[in-house]
Structures are given as structure tokens and as C-alpha cells.
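Down below is the structure, laid out as C-alpha cells.
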Amino acid sequence: MSSDPAVPQHTVRQLLEVARFRLRLVAGEPGLDRPLRWAHSTELPDPSPHLRGHEIVLTVGASLREPGACAAFAEAVKAGRASAIGYGVGDVTAEVPVELREACERLGLPLLEVPSEVPFLGFTEWFAERLASTADERHEREETGRLLRMVQQGLASPEAVRERIDDAGLDPAALLVIAMDGVEEELPGVLGLDGDLALLITNDAHAWSEPAGVGSPGPLDHLPVSLTESLAALESARRSGGVVHASDLATFQALLGRLDQDQLAPFAEQIARPLKEYDKAHGTRLIETLRTFLDMGGAVGATSRALYLHPNTLRHRLSRIEALTGRDPLQFEDRVALAIAVWAAR
């Protein structure tokens, strides 16, 4: 999430809808969703060296009266990565030149007719106003993000965000937090930013981007819990992709998913590796047997039937697993360690 105010926040379509400019689209409709960040006025036949990208290039056409000049101008604007051309009528020509319309239509470059009474300076002022508003809005979101972190860490009371919750029109009896990466757009609720992390207080568990972590709902005093859950769920979602809810965290698989490779390495090395090496050297199926035994909840009879083995044959394999790993599959704590090893080996 960038804090750079020069990052485009608007589109040509949005500018076209600004009532005070009374703009009219005359060509290049396919490019209406191009991003815009600034306005640049020029009468140069080739403005491309002075463009940074994502501008609307404003001209009255003083240098576009020679044959071929309009097409060359449109191509130069496109090469400079500008998003649109605004042609001011009334000073040089009463209408937008046909040649310029045809060139912009061919290039898919939006061409907007600017009325004679609309000064080009007004566009610059409009963009400056939008950038200032965006900067103020981001500052407010960053302050909210810092406050939510303090609430989550127990350094501030949930009551500190009550006013923001009331202003957003949220139901204080059913609040939840969604933690997401890289959110740029306006979202319904109370949005706090913490670097590239977005924390959204809302009544709706819908995630607006992925990966995302969704905390459990509850009243205002439950907010620290929902914040903590959403952050833990986001960490899990970053590994697995998609959206992870708080209820998904209280599972064995979710717990394993929150362990990093260094934490899993001892299980893979001390337990899974000896079994794999034994299977490879002797043509046995100890890993498969162990996996099925774990899937069957440690039940000898069910595992024997699933593998079409006599129970004594299964017990022999389980004894071999214990001898190789030092973990008894029939003991609960050892069975947990074996399950982690099998999961890590995958």
C-alpha cells in the first residue's frame, strides 16, 4: 500500500464525470479506465519528454494545424504513457480537429473536449485537492491502525474506538476484524493501516482481498480478541492462500500450518527420515502404514481392515516404527509427534 501521493488514485472516466469541467468524450472510449494522477498543459508538438505517465495532456491545438501534426501529437502522448488528451475548443478551433479524433480513436486514447470557459489551471487545482484529501485520509487511517494495535496489545481500551465505530454506522454488538494485505480502496467500516497491513472493523465477515484473516464477532469489549485472531488467521492465510477464519485456527492442521520450517525440521529429521530410509532400503511400507494408522485414530482393528493386514502384522510394523523412531504409535503423546513428522514429510 503506497503512501506516495503521486500514485494514480483516479481514472479518466471519473474525471469525465466531474460536473464543473463539463467535459465531452469525443474519441477513445476503450481507454476510459486508464489511471490519472495529474494534468499537463502544453502546446509542444511532442510533449513526451516532459511526461511522467498517467497525465491528461491539455492543449488548445496551437501546434496542431499542419497536416499530420494531430496524429504525431496523439502518438507522442501515447508514447509518453499519458492517459488522455483534453482539447480546449474556442481559442484555435471551434471544434476538436477531425484528424485528432481519428488518431485517438485508432490508438484507444481518450480525447475529451474542454469548453472554452474552463481554464486549464482548474484541472491542476482539482488534482491537487484530490491528492491533499488522499493524504489526509491516509493519515487518519494510519492513526486508526496505531490505535487498533494498542487495543490488540492491551495498551488502550476498546472504548477508544467507539466514536469511530459509531461514525461508521456499525452495530457495536457484533463487531469483527478482518486483517488483509495490500488494500487500497474505500471499505465499509473502520479501516486502520499498519504499514502494508489493513485492519478493518466491520459487521460483515466478507474479505475484500486475499490473503485475509477474519476474527470472531462479538461486542466492543471482544475487539482485542478479534484483532488477535484476525492477525493469526492472516499469517495462516499467507501460507495457504485464500481466507482463514478464527474458527479455522482451532484445528491440528491449522496449528501445524503456523509452524515454520525450523520448528518442523526436528520431526522430519528424527522421525520421518529414518522411516523413509528404511522403506527405501527394505521395500517396506512403514510410512503408509503409519499414515493410515493415524487417519484411523490409532485404532488397530480399523487400520488392519483398511490395509488388508492381519492385526499381528500391523502390530509388528508398529513395533518396527517404534524401534526406528523411539516413538510408540500406541501412546498418545508419541502418536502426536509421529503425526507432526508425517505432516512435515509431506
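The values are calculated or read from the model by the stated rules, or taken from the named source; none is laboratory data. Note that the coordinates shown come from a computational prediction; the quantities given were computed from them, not determined experimentally. Heads up, the Cβs are rebuilt from the backbone with ideal geometry, glycines too, and the neighbour counts pull from every protein chain shown. The protein model used for the area step is the full one, side chains on, heavy atoms only, and it has no ligands, DNA or RNA in it. Shrake-Rupley method; radii C 1.70, N 1.55, O 1.52, S 1.80 Å.
Accessible area per residue, 1.4 Å probe, Å², for the range 207-295: what's the number?
Working: 4560 Å² over 89 residues.
Averaged over the residues of the range 207-295, the accessible area is 51 Å².
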Practice task
Return the label of the correct value of percent of Cα pairs over 39 Å apart, as calculated from the structure shown, out of (1) 48; (2) 41; (3) 16.
Solution key: (1)
Practice task
Calculate what fraction, in whole %, of the accessible area of the chain sits on carbon and sulfur atoms when a 1.4 Å probe is rolled over the protein chains.
Solution key: 51 percent
Problem - Net charge, residue 328 excluded, C-beta distance under 14 Å - Lys, Arg +1, Asp, Glu -1 - result: +2
Fill in the blank from the handout: When the charge dipole of the range 138-236 is computed with +1 on Lys and Arg Cβ and -1 on Asp and Glu Cβ about the Cα centre, the Cα farthest towards its positive end, among 212, 192, 160, belongs to 160
Fill in the blank from the handout: dims of the range 152-288, Cα set, principal axes, largest to smallest, nearest Å -> 69, 28, 23
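Return the calculated 222 nm mean residue ellipticity for the chain, to the nearest 500 deg cm²/dmol, obtained by summing -39500 (n - 2.57) across DSSP H runs with n ≥ 4 and dividing by the residue count.
Values: 14 runs with 156 residues, N = 346.
-13500 deg cm²/dmol, from helical runs alone.
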Exercise for the section: Compare 310, 245, 139 in a GNM of the chain, Cα atoms joined below 10 Å, and give the one with the largest fluctuation. Expected result: 310
Practice task
Taking only protein heavy atoms into account and a 1.4 Å probe, give the accessible area per residue of the range 101-165 in Å².
Solution key: 52 Å²
